[in-house]
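What follows is a single structure, written as structure tokens, with notes after it.
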Ligand code: SF4
């Protein structure tokens, strides 16, 4: 099964930093102790309320009325934003000039960002770097998959933060540091940018790009609402991924979304998991499994456990057997997604041999565990999570990149 790109070997990282990094309201230390508080990170994001993208139809209608227009002008705004995907207020040519001027005069903007760089892999996967209003760069990936009937499934893998504070040991994003949370429109616009690039509707969205979605849950849920109701992507076509932040899976389950939770497990034991995912120290495996079970019971949606296979680290037969035992202990409603590691520069980890991957999958299947192996997509497009962004913006903490100009698009041949 092809799901997201291994670009999105989201939640598989852990390169130890030799220094402490302080950002906004909290500190990450090289000890592997990451203060996991979604609220502390949420406070770190700046809020820009006068952005149209992300607003619902009723909110847009209210805005129109507030600016002295009739209700239906709000509906027109909705159509222009989400159907026509117009990027500038002055290009809303169906609207009276006076209304456009009033919107701009009151400080409103659409909220679309320019594409700074486009990289196309030989398999058709496209990675975009978007340059945000504060000059920070984020990655988003479009993954096209054709079916036998000739139609195309287009998956957008979206980022939820600029960088990531969690530093999973195998992840390029984690190596690049953390800057801030994304706002809801900065998540939604990634999907629209992928649609524009492919001239095709996005059919699936996975929150598996840069960042830990559960550390930005408010904006992620707002973007989820917008993608579902305004951009018209079915809830079942949306997957929210996490490496695990205490108390957030319960919060997510309470919304009873019909979306898949993809939990990045990567190890069958607490001890091994802590060596791969530093933040695991704050969230014991038993608590994770209990929360995932509750998620299934609350939503009836099967939880997908993501498992990045790292050669010689967590890909042995004994690990598969331990994983099967763990899942059986916690009942039904699970699926395991195996992700052969996508090597990144500077990482000590290796990609496992194909035979090891198949043996791991076979061991799980023999114990009646649902399993699939994620196909590698876009490996030639700096595909590992955060890799492309890191090439162009070494420190996401810096903002003085005004001089950076859009870069030429590139095609990457295998
Ligand atoms: S983006 Fe963050 S949570 Fe996801 S793998 Fe990378 S470091 Fe871990």
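The table that follows gives values for the structure above.
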{"quantity": "Filtered residue count, the range 161-190, keeping only those that are within 30 Å of residue 56 (Cα to Cα), within 9 Å of the ligand (Cβ to nearest atom) and touching a helix residue (DSSP H, G or I) at 6+ places or on another chain (Cβ under 6 Å)", "calculated": "3"}
{"quantity": "Strands (runs of 3 or more DSSP E) fully within the range 127-235 counting 1 or more residues that are at pLDDT 95 or above and farther than 29 Å from residue 281 by Cα", "calculated": "137-146, 152-157, 204-207"}
{"quantity": "Qualifying residues in the range 112-126 (those that are touching a residue at least 24 places away in the same chain (Cβ under 8 Å) and outside any strand (DSSP E or B)) - the one surrounded by the most Cβ atoms within 10 Å (Cβ to Cβ)", "calculated": "125"}
{"quantity": "Subset of the range 146-159 [surrounded by 24 or more Cβ atoms within 10 Å (Cβ to Cβ) and either over 20 Å from residue 197 (Cβ atoms) or away from the ligand (no atom under 11 Å from the Cβ) (or both)]", "calculated": "155, 156, 157, 158"}
{"quantity": "Every pair of residues 6+ apart whose Cβ atoms lie under 6 Å, when the first sits in the range 187-211 and is within 18 Å of residue 240 (Cβ to Cβ) while the second is within 16 Å of the ligand (Cβ to nearest atom) and in a helix (DSSP H, G or I)", "calculated": "207/213; 208/8; 210/173"}
{"quantity": "Odd one out for residue 239 among (1) within 16 Å of the ligand (Cβ to nearest atom); (2) in contact (Cβ under 8 Å) with a residue 60 or more places away in the chain; (3) closer than 21 Å to residue 178 by Cβ", "calculated": "(3)"}
{"quantity": "The range 65-96, residues that are surrounded by fewer than 16 Cβ atoms within 10 Å (Cβ to Cβ) and touching a strand residue (DSSP E or B) at 6+ places or on another chain (Cβ under 9 Å)", "calculated": "88"}
{"quantity": "Qualifying position, being within 12 Å of the chain's Cα centre (by Cα) and either surrounded by fewer than 19 Cβ atoms within 10 Å (Cβ to Cβ) or more than 21 Å from residue 129 (Cβ to Cβ) (or both), among 182, 215, 221", "calculated": "215"}
{"quantity": "Yes/no for residue 233 being closer than 17 Å to residue 129 by Cα and either touching a residue at least 24 places away in the same chain (Cβ under 8 Å) or buried (at least 24 other Cβ atoms within 10 Å of the Cβ) (or both)", "calculated": "no"}
{"quantity": "Hey, residue 341 surrounded by fewer than 21 Cβ atoms within 10 Å (Cβ to Cβ), in contact (Cβ under 8 Å) with a residue 12 or more places away in the chain and within 22 Å of the chain's Cα centre (by Cα) or not", "calculated": "no"}
{"quantity": "Residue check for residue 86: over 28 Å from residue 71 (Cα atoms) and not in a helix (DSSP H, G or I)", "calculated": "no"}
{"quantity": "Qualifying helices (runs of 4 or more DSSP H) (wholly inside the range 301-414; at least 2 residues being modelled with pLDDT of 95 or more and over 30 Å from residue 179 (Cβ atoms))", "calculated": "317-329, 354-366"}
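The values are calculated or read from the model by the stated rules, or taken from the named source; none is laboratory data. Just so you know, these numbers come straight off a predicted model, no measurement behind them. Here the Cβ is made from the backbone with ideal geometry for all residues, glycine too, and neighbour counts use every protein chain on show.
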